[in-house]
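What follows is a short report on a single structure.
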Amino acid sequence: MEEVQDLNTKPLTKKQYLVVSSMLFGLFFGAGNLIFPIHLGQLAGGHWGMATLGFLVTAVVLPLLSVLAISVTHSKGVYDVGRPLGPAFALAFMILIHATIGPLFGTPRTATIPFSVGVQPLLPESLTQVGLFVFSAVFFGAAFLVSYKESNIMNSVGKLLNPVFLVLLFSVFAFGFVSPMGVASKQVVTAEYQDASFFNGFLQGYNTMDALAGLAFGVTVVTAVRQLGKTSAKSNAKVTARAGVLATAMIGVIYVGLIWLGATTLGEFKLSVDGGVAFNQMVSHYLGSFGHALLATLLTVTCLTTAVGLVAAFAQDFHKHFPKVSYRQWLAFMCLASFLTANFGLEQILAWSTPMLMFLYPFAMVLILLSVFSPLFNRDPRVYAPVVLLTAVPALLDMVAAFPPVVSASAFGKALASFQQSYLPFASLGMDWVVPALVGLVVGLGLHFLKPSLARTTSPVVGTDRVN
């Protein structure tokens, strides 16, 4: 098939690359990306450096690889990433990803975190539920309006909201670095981080949901780059990859600063229940009562940028696969469902999101890596199948172990945990999927290279245009 030509044959300017990178940064970086690194710094204390390395793998490198996976395979969304395993698996994977980062957990969190951390402390306890209702209604109303026209997404996120967020964030950084609350390397290390700080930091990176979001944002990024005239698969992929490197590098620098700041807060405050409390304490320490207003604004702006990306990606992907419902109708459904879930409160959302993340992240990691290296085996389904199949068992066990005690502490949950710890290597580190996935990879590559001719005839083609 003849390759689609670029409408804009000229190289993009530095300003255009910055706009795309800024959009990606804004889509990735939400309130969770603020509070989880700070809390990790408090948990790791003096071992904050090694914990940071683990966190950066799943919170920076993996999201970058998810963007590159979209680029390398010329995919147009999360569905295409799972397509080598067939349309049924691809559709199920897409729905699970969007449900997790969408109306069930991720998107409602974009409203509940800024409310509970920035707004709730200013309200009397009797008005908490009413305040959450009003705040979340206004919040998702704004997200709906910004996302209403797909062509507005890059302008609204990349050019307007994101620069405001960066100014507010670095004003907080300035106070933290000029007058630190303590010496990070001398702070108390919690028990879990005494000997396994890297792996615990690695698992904490799941909470950002950015690897899942990177797959889901693929359609939004591709659409935005096409608006700049880069309509061929090859040039679109190149722009997306370059912008992704810049955006995730910026996020990585911020993470290092936030984790360090979190560790220094132990010089003034006790270990908090979550990073939101720690961030609130930090801002109040440096800025006093004005800090609350700044915090509320900071969290609301950054969460709105992420919410816009999530609701738009959901609506675009679902409209593509279920076209009888329009983009705007899917958008309205997403915003309404997220609004309803948000009113259950942040505590409930976080409690039930962890099991789903422990289940989905191993699948996402193996599919991302397989996609990035897929040119080596022509996206042969026989390579994908054993890897994903053998990843499923430990992923299910990790999900059950992460459920609240009503499930994980039941007789059924304890029996599965005993089996997991006894027979799966690295289960205590939350990495029990690694060995089965590697075994599946060896089997899959063996099948591919033993019968290369069959691999060439069975490999599916993703997308409508190919690179000759």
If the only charges are +1 at each Lys and Arg Cβ and -1 at each Asp and Glu Cβ, what is the size of the charge dipole of the chain around the Cα centre, to the nearest 20 debye? 1260 debye
What is the fewest-to-most order of Tyr206, Tyr286, Tyr193, Tyr148 by other Cβ atoms lying within 10 Å of their Cβ? Tyr148, Tyr286, Tyr193, Tyr206
Expressed as a whole number of Å, what is the distance separating the alpha-carbon centroids of the stretch 55-93 and the stretch 238-281? 25 Å
Rounded to two decimal places and with Rh computed the Kirkwood way over Cα pairs, what is Rg over Rh for the stretch 258-359? 1.10
Taking 0.36 nm per residue of sequence separation and subtracting the Cα-Cα distance, how much length would be gained by fully extending the chain between Gln421 and Ser289, in nm to one decimal? 42.7 nm
Place a point 7 Å from Cα of Val273 in the direction of its Cβ. Which residues in the stretch 115-134 have their backbone N less than 16 Å from it? 115-123, 125-126, 128-129
What share of Cα pairs, in percent, lie more than 27 angstrom apart in the stretch 290-443? 47 percent
Given R₀ = 51 Å, FRET efficiency for Val439-Val406 by Cβ-Cβ distance, to 0.05? 0.95
Computed FRET efficiency, Cβ-Cβ of Gln329 and Gln194, R0 35 Å: what is it to the nearest 0.05? 0.10
Fewest to most neighbouring Cβ within 10 Å: what's the order for Val434, Val439? Val439, Val434
Hydrophobic long helices for the chain, i.e. whole DSSP H runs reaching 30 angstrom or more by Cα along the axis with Kyte-Doolittle mean at least -0.5, come out as 233-264, 289-321, 346-372, 381-402
Taking 0.36 nm per residue of sequence separation and subtracting the Cα-Cα distance, how much length would be gained by fully extending the chain between Lys10 and Lys451, in nm to one decimal? 154.5 nm
Estimated translational D of the stretch 316-378 in µm²/s (Stokes, Kirkwood radius over Cα pairs; 4 °C; 1.567 mPa s): 88 µm²/s
Which order do Asp274, Asp210, Asp398 fall in if you start with the one that has the fewest other Cβ atoms within 10 Å? Asp274, Asp398, Asp210
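Just so you know, all these numbers are worked out from the coordinates, no wet-lab data involved. Quick caveat: nothing in here was measured; it's all calculated off a predicted structure. Counting neighbours? That spans all protein chains shown, and the Cβs are built from the backbone with ideal geometry, glycine included.
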